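**Student:** Dropping a structure here in structure tokens format, bear with me for questions.
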Amino acid sequence: MHSITIIPLPDSYDVIIDNIKFEDGSAAIMHYRYGSFLVALHNFDINYVAAKVTSTFKSFRGDNLDELIEMCFENMGESHNDIVIVMALLNEIHSELNNYINSDGKMGASQILEDIFKAYIAFKTLIENQIKNNFSNVDMSTMLKFQDGAIFAKFFLDKNKTMRVAYSMCDIYSLFSIDTLNVQEKKICIKRCENCGRLFLPQTRSDEIYCDNICENGKTCKQIGYANKLKADPFKAEYRKAYKTQHAKMKRNQENIPNYKEKFFEPWVKAAKDALGKYQLEDNIDAFIQWLHENK
């Protein structure tokens, strides 16, 4: 199994998976914001992973469990959701199959896989309750029941001679436990995208409603959502079209006309927003279009 090391920073984690290295042989350090594990766990395409794992099991002709798990990882290719979550799930499969091999074999390997995937789907309910600030004692008991692995803490001195702590773990539920703790302590905002329905961490503002994931035709949910919003609101669509024209004019003139932005562009933006609000209240799109034409 691959050990996963988590090093908490002020607002993020450094993450290292043993044996995962860069081409120069150095350890591959990945960076995750607080809340990223909960988001990745919830958005994880378990059906895709289950299909890849199952097909690998069917085609595998060797007898080495480590080799089988490595093949599962390789067969997912670069299209798997998240390397840390995938590795933690494969660790879980490795552990359960190892127990199966060393037991009396009452439960078949296929049943073990099915139970792991079912448990993961049920586990998503805990994440739903967490992001809704509705995490209860029942959820805590469920989490502790899932978490049968161990978390090892190791203290070390960083390059600034500051004492730090690194947590080493193998199972997917320990990732959830650590991230849940930090999300609650730091009051991290996790949102659901109103376009694709996936969870995401807002980049700049807590009131963001669309994520930056590629949705269709190379466009992000944020781009698609904004475009749909403009289509549904002709006032904002006309304002946005006029704004782009004025912005392009500012770019052309700001080098030749001193303070063009402050003298012309910014006053236009303020006046246009005032007109937008006025004509929206009157529900008079023709009058707003006429204002934009007269003040272009």
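**Student:** Which number do you get for Rg(Cα) / (2.2 N^0.38 Å) in the stretch 128-225?
**Tutor:** Relative to the 2.2 N^0.38 Å estimate, the stretch 128-225 comes out at 1.39.
**Student:** Could I ask something else about it? Which helices, taking whole DSSP H runs in the chain, have alpha carbons extending 18 angstrom or more along the helix axis plus mean Kyte-Doolittle at least -1.0?
**Tutor:** 46-59, 83-101, 109-131, 172-186, 266-282
**Student:** Where the convex hull is taken over the Cα atoms of the stretch 219-269, what is its projected area averaged over directions, in nm²?
**Tutor:** Projected area, direction-averaged: 4.3 nm².
**Student:** Expressed as a whole percentage, what fraction of the accessible surface of the chain belongs to carbon and sulfur atoms when a 1.4 Å probe is rolled over the protein heavy atoms?
**Tutor:** 51
**Student:** Right, something else. Report the semi-axes of the equivalent ellipsoid for the stretch 1-43 in whole Å, largest first, where each axis is √(5λ) for an eigenvalue λ of the Cα gyration tensor.
**Tutor:** Result for the stretch 1-43: semi-axes of 20, 13, 9 Å.
**Student:** For the stretch 155-196, what is the convex hull volume of its Cα atoms per residue in Å³?
**Tutor:** Here the figure is 145 Å³ per residue.
**Student:** Considering just Cα atoms, how many Å³ per residue does the convex hull of the stretch 178-296 enclose?
**Tutor:** It is 174 Å³ per residue.
**Student:** For the chain, just list the percent of Cα-Cα distances falling in each 5 Å bin from zero outward, please.
**Tutor:** Reading the bins upward from 0: 1, 4, 9, 11, 12, 12, 11, 8, 7, 6, 6, 5, 4, 2, 1, 0, 0.
**Student:** Taking only protein heavy atoms and a 1.4 Å probe, what accessible area per residue, in Å², does the stretch 125-236 have with all protein chains in place?
**Tutor:** So the stretch 125-236 comes to 64 Å² accessible per residue, rounded to a whole number.
**Student:** Counting C-alpha atoms alone, how compact is the stretch 18-79: give Rg to one decimal and Dmax as a whole number, in angstrom.
**Tutor:** 14.5, 41
**Student:** Can you list residues whose amide H is under 5 Å from residue 13's amide H, if they're 5+ apart or on another chain and H is modeled 1.01 Å from N?
**Tutor:** 32, 33, 34
The values are calculated or read from the model by the stated rules, or taken from the named source; none is laboratory data. Bear in mind the structure is a predicted one, so any value in this text is a computation, not a measurement. Just the protein is used for accessible areas: all its heavy atoms, side chains included, with ligands, DNA and RNA removed. Shrake-Rupley method; radii C 1.70, N 1.55, O 1.52, S 1.80 Å.
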